[in-house]
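First comes the structure, then the notes that go with it.
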Amino acid sequence: LIRKVEELNPDLILMDIVLKGSLDGIEAALKIKEKHDIPIVYITAHSDEKTVQRAKLSQPYGYIIKPIDKKDLYSTIETVLYRHGLEKSLKESERKYRMVVENTNDIVYAHDLDGVFTFINNAVEHIFNYRVDEIVGKPFSKFVHPDDLPLIYTHYKAILKGSREPYDFRVFDKNGGIHFVRTSSRVIVENGTVVGVSGIMTDITERRRADELIRMSEEKY
């Protein structure tokens, strides 16, 4: 069976839990799922709790209990193929989104309502020298210049009310250096409830230094 899957690469596998040979259907399904993203539907006369719990380990897309009714069979196949197609599309969209996020030069982040980072992309390693795992799970206040925290909290309250205005503040890198950043944020809403904030952070340190040099030059001359 496993060799046939390699040869045919089917869109769907209908498989009896009881098979001839050393493997039963559940064990065969587990081996197939190690290498292939193919939906599996079990055909079985066994509906006991122990068998069902074993079968769950292989994450099947459904069960058809013998004797097989044609309408149930066609309906199950149609539903499984549609669901699997949606899941593949979602995975592909997530892959493309993650690729864009990880390849951007700006810092993309998310934090919960307590200000604890739940996500940050790899750009933080190049800009602030922190590893991702040194940021995620920590409060953003740990990295912000203390004099700018009141400004942060003011903008945070405005963001929770729907504001999307960008704002500037200072953060520390891993070596203690100070960077000016510009951040644009918006709320994360799940099932109608605000659960956090996501945003993009751009390092504008060099721009601020250039502006300061221009200002000093204008004052001098």
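The values are calculated or read from the model by the stated rules, or taken from the named source; none is laboratory data. Everything numeric in this text was worked out from a predicted model, so none of it was measured. For neighbour counting, all protein chains shown are included, and Cβ atoms are generated from backbone atoms with ideal geometry for every residue, glycine included. Quick note on the areas: whole protein, heavy atoms, side chains included, nothing else; ligands and nucleic acids left out. Shrake-Rupley method; radii C 1.70, N 1.55, O 1.52, S 1.80 Å.
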Residue check for PRO67: in contact with a Phe, Trp or Tyr (Cβ under 6 Å, 6 or more places away or on another chain) and either within 24 Å of GLU6 (Cα to Cα) or without any contact (Cβ under 8 Å) to a residue 12 or more places away in the chain (or both): no
When residues of segment 173-204 are limited to those that are of a type in the set (S, T, N, Q) and not in a strand (DSSP E or B), the one surrounded by the most Cβ atoms within 10 Å (Cβ to Cβ): ASN175
Complete set of residues in segment 89-99 that are under 22 Å from ARG186 (Cβ atoms) and surrounded by 11 or more Cβ atoms within 10 Å (Cβ to Cβ): ARG98
Criterion violated by ARG207 - all others in (1) closer than 18 Å to ASN105 by Cα; (2) open to solvent by less than 90 Å² (accessible area, probe 1.4 Å); (3) part of a helix (DSSP H, G or I) satisfied: (2)
Qualifying residue in segment 154-164 (condition: more than 24 Å from the chain's Cα centre (by Cα) and β-branched (Val, Ile, Thr)): yes
Those residues of segment 135-167 which are open to solvent by 50 Å² or more (accessible area, probe 1.4 Å), among the hydrophobic types (A, V, I, L, M, F, W, C) and modelled with pLDDT of 90 or more, in sequence order: VAL136, LEU151
Residue in segment 140-156 that is in contact with a Phe, Trp or Tyr (Cβ under 8 Å, 6 or more places away or on another chain) and among the acidic types (Asp, Glu) present: yes
Residue satisfying condition, being of a type in the set (S, T, N, Q), within 20 Å of GLU125 (Cα to Cα) and under 25 Å from the mean Cα position of the chain (by Cα), within set SER185, SER198: SER198
Test: residue in segment 36-48 that is under 23 Å from the mean Cα position of the chain (by Cα) and either surrounded by fewer than 14 Cβ atoms within 10 Å (Cβ to Cβ) or of a type in the set (S, T, N, Q) (or both): yes
Selection within segment 46-64 - in a helix (DSSP H, G or I) and free of Cβ contacts under 8 Å to residues at least 24 places away in the same chain: GLU49, LYS50, VAL52, GLN53, LYS56
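Name the single residue, out of those in segment 106-132 being among the polar types (S, T, N, Q) and within 21 Å of GLY176 (Cα to Cα), that is least open to solvent (accessible area, probe 1.4 Å).
Here the answer is ASN121.
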